[in-house]
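The values are calculated or read from the model by the stated rules, or taken from the named source; none is laboratory data. Keep in mind it's a predicted model, so treat the numbers as computed, not measured. Neighbour counts are summed over all protein chains in view; Cβ atoms, including those assigned to glycine, are modelled from backbone coordinates with ideal geometry. Ligands, DNA and RNA are excluded from the accessible area calculation, which covers all protein heavy atoms including side chains. Shrake-Rupley method; radii C 1.70, N 1.55, O 1.52, S 1.80 Å.
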Amino acid sequence: MNTLSFRTKQMPEPKLIFDRSSAGRVGCNLPKADTPEVDLAAVLGEVREELNLPEVGELELLRHFTNLSHINFGIETGFYPLGSCTMKYNPKINEKTAGLPGFANLHPMQPVETIPGALDVLIGVQDMLCAITGFDEITLQPLAGAHGEMTCLMLIKAYYEARGEGQKRHIVLVPDSAHGTNPASAARCGYDVRPIPTNAEGNTDLEALEKALDDSVAALMLTNPSTLGLFEPNIEKICAMVHAAGGQVFCDGANMNAMVGTTRPGDHGFDCMHLNLHKTFSTPHGGGGPGCGAIGLMKHLEPYLPVPVIRRSEMKVIADYDRPKTIGRVSAFYGQFLMEVRAYTYLRAYGKEKMADISRYAVLNANYVRARLKDVLPPAHDRPCMHECILTAEKYKKENGVRALDISKRLIDYGFHPPTNYFPLIVPECFMIEPTETETKETLDEFCDALIQICHEAVENPDLLHDAPSTQIVGRLDETAAVKNLDVRWWPKS
Ligand SMILES: Cc1ncc(COP(=O)(O)O)c(C=O)c1O
């Protein structure tokens, strides 16, 4: 399989950088070595394989990547309503501060006494996140949302082990609407995962929860707002039920963009939560990193925090490794430091007074899209949504043989990034649209107009959608080929 098999016929085959390679061409002028030459083979052993690198000049290289950047799609080229991903605009000031030499040039091995400014940033972010979430403690170490989930479960496990209940409490309850990372994190920590159904209103089924609760349950992992884009109205009751059975309640806080400055999970009764700083607190993300799955927790879990714990001691900030009950390290050094600098900048730029604007506009925008599209793509639940709306294209599948994926692919022809499809799985032919707070009404209207037009096309000319996208350098991709067959990536033709 090669790139050609995915392409529409009209477009010329795009060239890989390897196709432009010619032996002996170079694109850089390295300075003379000022250290003695070393015989690599003597140090590393015989080289087993020649490196197959493209040999191109500087201009070819520039053209290649400039052209690639033009056919790429990102938040700065267009609307990117990918549900559950919070693809908001990341202000440039974040990059400026992260690029300041005093931050960017720090070395993680530097003696801690030489980085008081960096420790101030870390504790500044921790303090602001404590205030926003209502938790007693924050650690910034986990490197992704899923990593934050896992770290919370490790703390819960350590807590029960210290109370002699580690063996007994081996079950983690996870609602069926949860992000796939929740059950995966629980299983990774050695827990048995039991699903809890969602009821017809889109809330946690309380009867099913009651039945599932006993002294074998270590925790419930609850996403609020849920992945159905709904605020769980029974949140305090649910936390009380789990606590009464002796369990802990973890909040998947990846959807915190719906609540920043408006309400605090720590006040709802949760024991711990993770945040996706790379979503809510504005850092470019996607493609696997970088990330920060900061976690918040109540005092009873604090002894088990991963080291180092960044805290105040006698008028200064220290990196504390002297923690006898710690679960150990979950990442190297202090986590993803330059992400913390970006989050710090973002939080300070908003300030306490304006923080609630984030969630208010995110929720308003999602409800606006929901209201404008309700006649062509009905919402999965008949009530206001939070920061994202979940719509269904089931009728087009039944009546016109057009699936949600076909509608999404056609959106590309109209210049929009498709929303998330088929998640949460419990909604058939689903769209998960998360506009975020940084989009204007004009953009939302253009997007809704396009979707309404596409829904008419689905009825009148379904093949237009089946063949979409038809305006791009690549046509309909095989959704799974790239992970199953490495040849579709970037190797040169042999
Ligand atoms: C609801 C929810 N939980 C957990 C995660 C996992 O976060 P990450 O991809 O950073 O591991 C995501 C990702 O967007 C999410 O949307």
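The listed peptides 415-428, 90-103, ordered by packing as a protection proxy, come out as 415-428, 90-103 (highest mean of other Cβ atoms within 10 Å first). In order along the range 198-212, the phi-based Karplus estimate (6.51 cos²θ - 1.76 cosθ + 1.60, θ = phi - 60°) of 3J(HN,Hα) comes to 9, 7, 4, 7, x, 9, 5, 6, 5, 5, 5, 5, 4, 5, 7 Hz; Gly and Pro are listed as x.
Simple point charges give the picture: +1 on the Cβ of Lys and Arg, -1 on the Cβ of Asp and Glu, and for the range 94-349 a dipole about the Cα centre of about 580 debye. Taking the charge dipole of the chain about its Cα centre, with +1 at Lys and Arg Cβ atoms and -1 at Asp and Glu Cβ atoms, the residue from Ala186, Ile426, Ala200 reaching farthest to the positive side is Ala186. In summary, the convex hull built on the alpha carbon positions of the range 171-286 has an orientation-averaged projected area of 7.2 nm². Sites listed here are trypsin sites (Lys or Arg not before Pro) in the range 403-494 whose DSSP assignment is loop and whose Cβ has at most 16 other Cβ atoms within 10 Å: Arg489, Lys493. Rg ratio for the range 62-194: its Cα radius of gyration over 2.2 N^0.38 Å, N being its residue count, equals 1.45.
The base-10 log of I(q)/I(0) for the range 356-484, evaluated at q = 0.11, 0.13, 0.15, 0.20 Å⁻¹, reads -0.38, -0.53, -0.70, -1.17 [Debye formula, identical scatterers on Cα atoms, solvent excluded]. Residues in the range 165-312 average 33 Å² of solvent-accessible surface per residue, probe 1.4 Å, ligands and nucleic acids excluded.
Quick one: Cα centre-to-centre distance for the range 381-415 and the range 245-285, in angstrom? If you average the Cα positions of each part, the centres end up 28 Å apart.
As a fraction of the 1.4 Å probe accessible area of the range 94-349, surface on carbon and sulfur atoms comes out at 54 percent.
Cα centroids of the range 106-133 and the range 178-192: 30 Å apart. Think of a 1.4 Å ball rolled over the protein heavy atoms: the range 354-494 then has 48 Å² of accessible area per residue. Multiplying each eigenvalue of the alpha-carbon gyration tensor of the range 116-190 by 5 and taking the square root yields semi-axes of 27, 16, 11 Å, largest first, rounded to whole angstroms. Distances between placed amide hydrogens fall under 5 Å for Ile310 paired with Asp320, all partners being 5 or more residues away or on another chain. What a 1.4 Å probe finds exposed on the range 352-466 is 53% carbon and sulfur by accessible area, rounded to a whole percent. For the chain, the normalised intensity computed at q = 0.10, 0.11 Å⁻¹ comes to -0.90, -1.06 (log10 of I(q)/I(0), Debye sum over alpha carbons, equal scatterers, no solvent).
In this Cβ point-charge picture (+1 for Lys and Arg, -1 for Asp and Glu), the chain has a dipole of about 300 debye about its Cα centre.
Assuming charge only on the beta carbon of Lys and Arg (+1) and of Asp and Glu (-1), the dipole of the range 356-484 about its Cα centre is about 360 debye to the nearest 20.
Three semi-axes describe the equivalent ellipsoid of the range 230-269; taken as square roots of 5 times the Cα gyration tensor eigenvalues and ordered largest first, they are 20, 10, 9 Å. For the chain, adding -39500 (n - 2.57) for each run of n ≥ 4 DSSP H residues and dividing by the number of residues yields -11000 deg cm²/dmol at 222 nm. Karplus-based coupling profile of the range 347-362, in residue order and whole Hz: 5, 5, 5, 5, x, 4, 5, 9, 3, 5, 4, 4, 6, 4, 6, 4, with θ = phi - 60° in 6.51 cos²θ - 1.76 cosθ + 1.60 and x standing for Gly or Pro. Size descriptors for the range 12-140, from the alpha-carbon set: Rg then Dmax equal 23.1, 61 Å. Using the Kirkwood radius over C-alpha pairs as Rh, can you work out the diffusion coefficient of the range 94-349 via Stokes-Einstein at 4 °C, viscosity 1.567 mPa s, in µm² per second? The estimated diffusion coefficient comes to 70 µm²/s. Across the range 462-472, computed HN-Hα scalar couplings (Karplus, 6.51 cos²θ - 1.76 cosθ + 1.60, θ = phi - 60°) run x, 5, 4, 7, 4, 8, 6, x, 10, 10, 10 Hz from first to last residue, x flagging Gly and Pro.
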